[in-house]
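What follows is a single structure, written as structure tokens, with notes after it.
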Amino acid sequence: MWCNKCNIETNDSTCPLCGEVTVEDFPVEIYWCSNCRIPVIQVSVQADKGTCPLCKNKTRYMTADLRPVFPEERLLVELILQKKPHEYIEKSVWACNHRYYIDGKSIAISNSLYQTIDADKIVELLHQFQEGNSYEHFDNYLKTFVLANRDRLNYIIDEAHRFIRNAASKYPEERVVVSFSGGKDSTVTADLALKALSNPHLVHIFGDTTLEFPSTIEYARRFREAHPNAIFQIAKNDEQNFRDVCEDIGPPARMMRWCCSMFKTGPIARVINSLYRNQQILTFYGIRKSESASRSKYNRIEDSADAVKIQQQTVASPIFFWKDIDIWLYLIAENIDFNEAYRLGYDRVGCWCCPNNNRRAQFLSKIYMPEQSKKWRDFLVGFAKKIGKPDPEVYVDTGKWKARQGGNGLASANDVKIKFTNCTAEEYAKIYRLVRPFDDELVGMFVPFGRVAPELGKKLLREVIVLDHRTNVPILSLQPFNQDGYEYAVKVRTMNVAAHDDLQRMVGYQIRKFNACRKCLKCESLCRIGAITINNFGYYIDPQKCVHCKTCMTAKYLDGGCMMDKYLRTK
């Protein structure tokens, strides 16, 4: 249960704080009306479940969720199934995952089939039969679909509007933001927020990952033109090149999506920091519970440090309980423009080469983005050879590259290994290997521990003292050092503390950052007050802003003290 007024979850039918009736996430089921030839969205507790609202005929259970199949994808399906082109043009065609429903009858297309189809031949046939691929029957089915599900539409709109207004009421309107990705969910969220708040000037932040579908960039342009009063900010990492980073630390994988932090979350955090400094903001996101197992564990309003990627924002999800079919019902009924990639058959439009994409999405990219797809496959095969895979093409084509973990076979994996020796001359001192000379950047990484005081150290030894920020007592001594076996090294001594090992462990985290930082921007996103800056000049922590919360050095939020530890560690 969810209370829209207090924005809390509860097990009660009424909110324990305000007494308001709560919203329940009742299971939604899709039924099929063979008379109207459209799906009907029905709630599990609905009294008239199993009856079409239009013709009153009996319906039958179909599936848990559904999406419309546009004529462009319908023609592709006909060609894949080796049917006569336009054979299904007068039929009502819908889909869920790998299963298609032709006038309610199920046809499954296995993932393995996409590997055997000649993409070049399909492209040729698509061009040949695209003429005459009419929308006439498809549009008629959609009109009937909207009429049959009008009650469901009214309910989800009213509930979402109440949620948005309640969530936004706790923030000044200038600190309310919409996260815009160019996908259908963020499109619906943006439209709901604009209408619920009656504010055409809302800030929209578009994260251009540099790996967007061409249609996403084009749609973002159209969206911006259609909303001229909105403040539309583009967050983009111009300092990194995706392919270069892949060469260095390997391509992203399902459990190692470094690209999200480097090319999406990090740049968005920078835009937020530039607009709001250290002010907390409310961001409306298009997150839905049914999208994945991980998202089902989120709260509808989330601000906990271990759940929110950008600490400066509280995330609210108006469409949290919506299904795919609800999204399409809203887009169609409200006549909202959307990303053209959905017409082609993509069911998600994040990064086109994302390791989370299924084989159907990869097949679609072969058809609609042939040059990029070939270059990406060639890179993956070359990478597989570099790390010593015996059958590189099989490794790539079967998708095993998506499951890789760590930096096995990569020279850069050495950078995350914290190598040290205990100092024999001083107690509680360790000598750490560095991959480059001791400098001000390394010293600056110790700002979170306290006040960095080089003037208190022994000048001839270039020693730097760090004082505890509460007591002003020295707790760390940093000193460049010569150590056999290490080209560069630093000696770090802990003092005046009870837990020397705990302090040295956090020291090790900062050494790892210095050695392995690839400017993934995760640390910038973690810093709630915007004290951390990472750019071509290096890693900088502003001592005037830092509040010494140590979030950037806490394993709970940053495993191993640096994201590269996860991406490059080896067995």
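Counting only residues that are open to solvent by 40 Å² or more (accessible area, probe 1.4 Å) and within 24 Å of Asp501 (Cβ to Cβ), how many does region 383-429 have?
Filtering region 383-429 down to residues open to solvent by 40 Å² or more (accessible area, probe 1.4 Å) leaves 385-386, 388-391, 393-394, 397-398, 400, 403, 405, 408-409, 411, 414, 417-422, 424-428.
Still in the list and also within 24 Å of Asp501 (Cβ to Cβ): 417-422, 424-428.
Within region 383-429, residues that are open to solvent by 40 Å² or more (accessible area, probe 1.4 Å) and within 24 Å of Asp501 (Cβ to Cβ) number 11.
Asn237 passes all but one of (1) open to solvent by less than 10 Å² (accessible area, probe 1.4 Å); (2) outside any loop (DSSP other than H, G, I, E, B); which number fails?
(2)
Consider Gly266 carefully, then state whether it is part of a loop (DSSP other than H, G, I, E, B), open to solvent by less than 20 Å² (accessible area, probe 1.4 Å) and among the small types (Gly, Ala, Ser).
no
Which one is modelled with the highest pLDDT, of the residues in region 283-306 that are closer than 25 Å to His161 by Cβ and among the hydrophobic types (A, V, I, L, M, F, W, C)? Walk me through how you get there before you give the answer.
Taking region 283-306 as the starting set, the residues that turn out to be closer than 25 Å to His161 by Cβ are 283-291, 295-296, 298-303.
Next cut, among the hydrophobic types (A, V, I, L, M, F, W, C) only: 284, 287, 301.
On the way: Phe284: 98, Ile287: 93, Ile301: 94.
Within region 283-306, the match that is modelled with the highest pLDDT is Phe284.
Give me the residue from region 430-450 that is of a type in the set (Phe, Trp, Tyr) and touching a helix residue (DSSP H, G or I) at 6+ places or on another chain (Cβ under 8 Å) and, out of that set, surrounded by the most Cβ atoms within 10 Å (Cβ to Cβ). Even if it seems obvious, please write down each step before you answer.
Quick first cut of region 430-450, residues of a type in the set (Phe, Trp, Tyr) only: 432, 438, 446, 449.
From what's left, touching a helix residue (DSSP H, G or I) at 6+ places or on another chain (Cβ under 8 Å): 432, 446, 449.
Values: Tyr432: 26, Phe446: 21, Phe449: 22.
Filtering first and then ranking leaves Tyr432.
Going through region 300-325 one residue at a time, which ones are open to solvent by 20 Å² or more (accessible area, probe 1.4 Å) and either among the acidic types (Asp, Glu) or over 15 Å from the mean Cα position of the chain (by Cα) (or both)?
Taking region 300-325 and keeping what is open to solvent by 20 Å² or more (accessible area, probe 1.4 Å), we get 301-307, 309, 321, 323-324.
Scanning region 300-325 gives Ile301, Glu302, Asp303, Ser304, Ala305, Asp306, Phe321, Lys323, Asp324.
Could you please find all residues in region 329-341 being open to solvent by 10 Å² or more (accessible area, probe 1.4 Å) and outside any loop (DSSP other than H, G, I, E, B)? Even if it seems obvious, please write down each step before you answer.
From region 329-341, those open to solvent by 10 Å² or more (accessible area, probe 1.4 Å) are 332-338, 340; that's our starting set.
Hits for region 329-341 are Ile332, Ala333.
Does Asp484 fit the bill of being of a type in the set (Asp, Glu) and modelled with pLDDT of 95 or more? Outline the logic, then answer.
Values: of a type in the set (Asp, Glu): yes; modelled with pLDDT of 95 or more: no.
Judged against the criteria, Asp484 is not a match.
Residue under question is Tyr368, and the condition is that it be touching a strand residue (DSSP E or B) at 6+ places or on another chain (Cβ under 7 Å), modelled with pLDDT of 95 or more and either crowded, with 18+ Cβ neighbours inside 10 Å or farther than 25 Å from Arg569 by Cβ (or both); does it hold? It would help to see each step written out before you state the result.
Values: touching a strand residue (DSSP E or B) at 6+ places or on another chain (Cβ under 7 Å): no; modelled with pLDDT of 95 or more: yes; either crowded, with 18+ Cβ neighbours inside 10 Å or farther than 25 Å from Arg569 by Cβ (or both): yes.
No; evaluated as a whole, the condition is false for this residue.
Can you tell me how many residues in region 74-96 are in contact (Cβ under 8 Å) with a residue 24 or more places away in the chain and more than 21 Å from Val146 (Cα to Cα)?
Kept after step one, since they are in contact (Cβ under 8 Å) with a residue 24 or more places away in the chain, are these residues of region 74-96: 74-77, 79-81, 85-86, 89-96.
Those still in the list that are more than 21 Å from Val146 (Cα to Cα) too: 75-77, 79-81, 85-86.
Here the count works out to 8.
State yes or no: is Leu153 open to solvent by less than 20 Å² (accessible area, probe 1.4 Å) and either within 23 Å of Tyr31 (Cα to Cα) or assigned to a helix (DSSP H, G or I) (or both)?
Working: open to solvent by less than 20 Å² (accessible area, probe 1.4 Å): yes; either within 23 Å of Tyr31 (Cα to Cα) or assigned to a helix (DSSP H, G or I) (or both): yes.
Taking the combined requirement at face value, the residue satisfies it.
Here's a check for you: in region 178-214, which residue that is part of a loop (DSSP other than H, G, I, E, B) and either more than 19 Å from the chain's Cα centre (by Cα) or among the aliphatic types (A, V, I, L, M) (or both) is surrounded by the most Cβ atoms within 10 Å (Cβ to Cβ)?
Our first condition is that a residue be part of a loop (DSSP other than H, G, I, E, B); within region 178-214, this holds for 181-183, 198-202, 208-213.
Right, trim to either more than 19 Å from the chain's Cα centre (by Cα) or among the aliphatic types (A, V, I, L, M) (or both) and you get 198-202, 211.
Details: Ser198: 7, Asn199: 16, Pro200: 10, His201: 12, Leu202: 22, Leu211: 18.
Going through the qualifying residues, I end up with Leu202.
Would you mention how many residues in region 386-421 are of a type outside the set (Gly, Ala, Ser), closer than 21 Å to Gly560 by Cβ and touching a strand residue (DSSP E or B) at 6+ places or on another chain (Cβ under 9 Å)?
Adding up the residues that qualify gives 7.
One residue is enough: does region 345-359 have a residue meeting the conditions assigned to a helix (DSSP H, G or I), without any contact (Cβ under 8 Å) to a residue 12 or more places away in the chain and out of contact with any Asp or Glu (no Cβ under 9 Å at 6 or more places or on another chain)? Give the steps one after another, and end with the answer.
The initial filter retains those residues of region 345-359 that are assigned to a helix (DSSP H, G or I), namely 359.
Still in the running and without any contact (Cβ under 8 Å) to a residue 12 or more places away in the chain: none.
Checked against the condition, which is being assigned to a helix (DSSP H, G or I), without any contact (Cβ under 8 Å) to a residue 12 or more places away in the chain and out of contact with any Asp or Glu (no Cβ under 9 Å at 6 or more places or on another chain), region 345-359 yields no hits at all.
Quick test for you: out of Tyr88, Tyr135, pick the one residue that is at pLDDT 95 or above, over 30 Å from the mean Cα position of the chain (by Cα), farther than 16 Å from Arg360 by Cβ and surrounded by fewer than 14 Cβ atoms within 10 Å (Cβ to Cβ). Don't jump to the end; show me each part of the working.
Details: Tyr88 fails: surrounded by fewer than 14 Cβ atoms within 10 Å (Cβ to Cβ).
The conditions single out Tyr135.
So which pairs qualify, if the first residue must be in region 51-66 and within 21 Å of Ile327 (Cβ to Cβ), the second must be assigned to a loop (DSSP other than H, G, I, E, B) and basic (Lys, Arg), the Cβ gap must be under 7 Å, and the two must be at least 6 apart or on different chains?
Partner pairs satisfying both residue conditions: Asp65/Lys323.
Go over the candidates Glu393, Glu426 one by one and state the one that is acidic (Asp, Glu) and in a loop (DSSP other than H, G, I, E, B). Before you say what the answer is, go through the steps one by one.
Values: Glu393 fails: in a loop (DSSP other than H, G, I, E, B).
Only one candidate qualifies: Glu426.
Spot the failing condition for Asn166; the list is (1) surrounded by fewer than 17 Cβ atoms within 10 Å (Cβ to Cβ); (2) modelled with pLDDT of 95 or more; (3) within 32 Å of the chain's Cα centre (by Cα), and only one is missed.
Of everything listed in (1) surrounded by fewer than 17 Cβ atoms within 10 Å (Cβ to Cβ); (2) modelled with pLDDT of 95 or more; (3) within 32 Å of the chain's Cα centre (by Cα), Asn166 misses just condition (1).
Six or more apart or on different chains, Cβ atoms under 6 Å: show the pairs whose first residue is in region 135-151 and within 14 Å of Arg74 (Cβ to Cβ) and whose second is part of a helix (DSSP H, G or I) and open to solvent by less than 30 Å² (accessible area, probe 1.4 Å).
Tyr135/Pro71; Phe138/Pro71
The values are calculated or read from the model by the stated rules, or taken from the named source; none is laboratory data. Everything numeric here is computed off the predicted structure, so don't read it as measured data. FYI the Cβ positions are ideal-geometry reconstructions off the backbone, even for glycines, and counts take in every protein chain you see. The accessibility values were calculated without ligands, DNA or RNA, using every heavy atom of the protein model including side chains. Shrake-Rupley method; radii C 1.70, N 1.55, O 1.52, S 1.80 Å.
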